[in-house]
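One structure below.
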Amino acid sequence: MAENVESKENQAGRHQEVGHKSLLQSDALYQYILETSVYPREPEAMKELREITAKHPWNIMTTSADEGQFLNMLLKLMNAKNTMEIGVYTGYSLLATALALPHDAKILAMDINRENYELGLPVIQKAGVAHKIHFKEGPALPLLDQMIQDGKYHGTFDFIFVDADKDNYLNYHKRLIDLVKIGGVIGYDNTLWNGSVVAPPDAPMRKYVRYYRDFVLELNKALAADPRIEICQLPVGDGITLCRRAS
């Protein structure tokens, strides 16, 4: 979720629209969290990348600052060393991950747009964590299929973060469950999808929100019924569902 830089009048108008990405009861409450707990502790590199991303025309695609903080903390608690990210954009969540991991950690990062990744790459390099990242440009599904076919990647990833094409989330899950280790975690972003998951059919919402809504609903239903995982769905950012592989 991009930082909301609109006027208060526009914020109030957007909050009544399903397409608004804040899941809290008010923008003021969200700003309180950011200004009290997130921004004062945000690493300088993440702040710089967040501000660069805010100027990009697709900034709605970025991970929110509070979610970046959450991911950073989660990875430290997990002592993760080998992670994957599907959907990088300018790399805000990727930077949050890289800063949390030890010096010898590895991150496989995939995105269809290298240009967006390279927008944030100088900041990642300046932060001294670029050596942890192996970036692959292109669709993720063929690469995942190749990794599964190779056999050597089975159960090797501590953590996998997915923030990409919602219509492929279930296709990702079918493959990632083999690649994450038992006890490892897959995080699916945007699982509350602007709050649209509880919206009536005739509610006002943006076209892209309406288009992907059914895919998100299908994913949530499938994850809740998957006996191989334990799940926890959190109203952080635009909703994130953590899936711990249990078997």
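The values are calculated or read from the model by the stated rules, or taken from the named source; none is laboratory data. What you see is a predicted model; the values in this text were computed from it and never measured. All Cβ positions, glycine included, derive from the backbone under ideal geometry; neighbour counts span all protein chains shown. The protein model used for the area step is the full one, side chains on, heavy atoms only, and it has no ligands, DNA or RNA in it. Shrake-Rupley method; radii C 1.70, N 1.55, O 1.52, S 1.80 Å.
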Rounded if a/c under 1.5, otherwise prolate or oblate - segment 198-237, Cα gyration tensor axes: prolate
What translational diffusion coefficient, to the nearest whole µm²/s, does segment 16-245 have by Stokes-Einstein, given a Kirkwood radius computed over alpha-carbon pairs, a temperature of 4 °C and 1.567 mPa s viscosity? 72
Say a paramagnetic label sat at a point 7 Å from the Cα of Cys232, along Cα to Cβ; which residues of segment 156-177 have their backbone N under 18 Å from it? 158-162
When the accessible area of segment 16-245 is split by element with a 1.4 Å probe, what percent falls to carbon and sulfur? 55
Check the straight Cα-Cα distances from Lys136 and name the lysines below 26 Å, setting aside those fewer than 8 residues away within the same chain. Lys47, Lys55, Lys76, Lys81, Lys106, Lys126, Lys152, Lys166, Lys174, Lys181
Need one value: the accessible area of Glu137 in square angstrom, 1.4 angstrom probe, rounded to the nearest 10. 110
Once you charge only the Cβ atoms, +1 for Lys and Arg and -1 for Asp and Glu, what is the size of the charge dipole of segment 16-245 about its Cα centre, to the nearest 20 debye? 420
Once you charge only the Cβ atoms, +1 for Lys and Arg and -1 for Asp and Glu, what is the size of the charge dipole of segment 13-150 about its Cα centre, to the nearest 20 debye? 240
Select from Lys132, Lys106, Lys55 the residue whose mean-square fluctuation is largest in a Gaussian network model of the chain (Cα-Cα springs shorter than 10 Å). Lys55
